[in-house]
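Written out below as structure tokens is the structure these notes cover.
The values are calculated or read from the model by the stated rules, or taken from the named source; none is laboratory data. In this text, all values refer to a predicted model and were calculated from it rather than measured experimentally. Glycine also receives a Cβ, built like all others from the backbone with ideal geometry; neighbour counts cover every protein chain displayed. What goes into the accessible areas is simple: the full protein's heavy atoms, side chains included, and nothing from ligands, DNA or RNA. Shrake-Rupley method; radii C 1.70, N 1.55, O 1.52, S 1.80 Å.
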Amino acid sequence: MNRIIALSALAVAAVFLGATLWVATRVSDDDQFSQCRSGTVAGDLGGPFELVNAQGETVTDADVITQPTLIYFGYTFCPDVCPLDVDRNAQAVEILEERGKMVTPVFITIDPARDTPDVVGEFAEAMHPRMIGLTGSDAQVKQASQAYRTYYKAHPPEDGEYLVDHSTFSYFVMPGIGFVDYFRRELTPDELADKMQCFVDNS
């Protein structure tokens, strides 16, 4: 009797293991970018947004994401982190362009009160000639931020000036596919370029 129970348990375990391997294989096979990811991305990120560009025109994600796109949420009055991150992104885009791969760099402000269309436009152009600067109403910016699950919170003003705490990830989005991965600020321009190229080459 014990032998039958043991064999039954072994059979159930084998079936469970086989099913697990089948599911894992299916997930891997279905993900065309599995070799590009350094880890698993939990849940869906990205989605529709409506913002205002440097020319004061209302644009949607479909207008902006017409080729592989690297998105960063920050603000132009940021004293240190944002300029460094956005410059790193611009350098990575330049590296890819030299390799014949085109990626659009995008800067979305999380401080629309100060970052008017003119301000984000000048900031983006100074960072990269093809960078798109986007702002909007408080509600528009909040909706875009929530789509990518970014965090931001303004400090109380002091003498009319204030800082804004915010997350510092960069988000890679492919037209017709959507969000594919996010990148930490610790990556060098070359490392970031290599990671983005993997997605571009396998799209």
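Write out the trypsin sites (Lys or Arg not before Pro) in segment 139-202 meeting two conditions: DSSP loop, and at most 13 other Cβ atoms within 10 Å of their Cβ.
Loop-located and lightly packed - ARG184.
Taking the Cβ of HIS155 as the centre, find all other residues whose Cβ is under 10 Å away and add up their charges (Lys, Arg: +1; Asp, Glu: -1).
-2
Whenever you get a sec, compute what percent of the accessible area on segment 54-203 sits on carbon and sulfur atoms (1.4 Å probe).
Within segment 54-203, the accessible surface is 50 percent carbon and sulfur.
Net charge near GLY46, counting Lys/Arg +1 and Asp/Glu -1 over other residues with Cβ under 10 Å of its Cβ?
-1
For segment 64-191, count all C-alpha to C-alpha pairs, find those more than 17 Å apart, and express that count as a whole percent of the total.
Value for segment 64-191 (Cα pairs over 17 Å): 56 percent.
Search the structure for amide H atoms under 5 Å from the amide H of ASP181, placed 1.01 Å from N in the peptide plane, and list their residues when 5 or more places away or on another chain.
Here the answer is PHE172, since their amide H atoms fall under 5 Å of that of ASP181.
Can you work out ³J(HN,Hα) from phi for every residue in segment 88-101, in order, using Karplus 6.51 cos²θ - 1.76 cosθ + 1.60 and θ = phi - 60°, giving whole Hz and x for Gly and Pro?
Each residue of segment 88-101 in turn: 4, 4, 5, 5, 5, 5, 5, 4, 5, 5, 5, 8, x, 10 Hz.
If we count every other residue with Cβ under 11 angstrom of PHE179's Cβ, Lys/Arg +1 and Asp/Glu -1, where does the sum land?
-2
Name the long-range amide H neighbours of VAL59: under 5 Å, sequence gap of 5 or more, or other chain; modelled H, no Pro or chain starts.
LEU51, VAL52, ASN53
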